Amino acid sequence: MSVLLEFAMFPTDKKDGDSASDSVSKVIKMIKDSGVSYKLTAMGTIIETETLSEALTIVDKAYKVLEPLTNRVYSTINIDIRKGKSNRIEKKIQSIESKIGEVCR
């Protein structure tokens, strides 16, 4: 099974001005250290795990990284669960890019 979970999580009462990058970088380090596959985007982060429980554990850990730094955390989450597949972070992008190439020929 493959669970793709895309989320954004950041403090709303930032002490370092408008940027949330310092706080977000701490969350990304936790994700990297966890060993799950992930892809950082400009609007959030996509992780891929084998179970929903694993994916939600990463979200919980992300909150625990931010909780001591802030009084309020904002988050959005999208989840795509598919049985019998793996490595979808890369394969989904490759599938679309191959179709774009076919259309442009």
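Quick one: which of VAL36, VAL73, VAL59 is touching a residue at least 40 places away in the same chain (Cβ under 8 Å) and under 18 Å from SER2 (Cβ atoms)?
VAL59
With the condition being β-branched (Val, Ile, Thr) and surrounded by 13 or more Cβ atoms within 10 Å (Cβ to Cβ), I'd like the strands (runs of 3 or more DSSP E) fully within the stretch 18-84 carrying at least 3 qualifying residues.
45-49, 73-82
Here is a yes/no grid of residues against (1) touching a strand residue (DSSP E or B) at 6+ places or on another chain (Cβ under 9 Å); (2) hydroxyl-bearing (Ser, Thr, Tyr); (3) at pLDDT 95 or above:
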| residue | (1), (2), (3) |
| --- | --- |
| LYS15 | no, no, no |
| SER23 | yes, yes, no |
| VAL27 | yes, no, yes |
| ILE31 | yes, no, yes |
| GLY35 | no, no, yes |
| LEU40 | yes, no, yes |
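The values are calculated or read from the model by the stated rules, or taken from the named source; none is laboratory data. Note that this is a predicted model, so its numbers are computed, not measured. Here the Cβ is made from the backbone with ideal geometry for all residues, glycine too, and neighbour counts use every protein chain on show.
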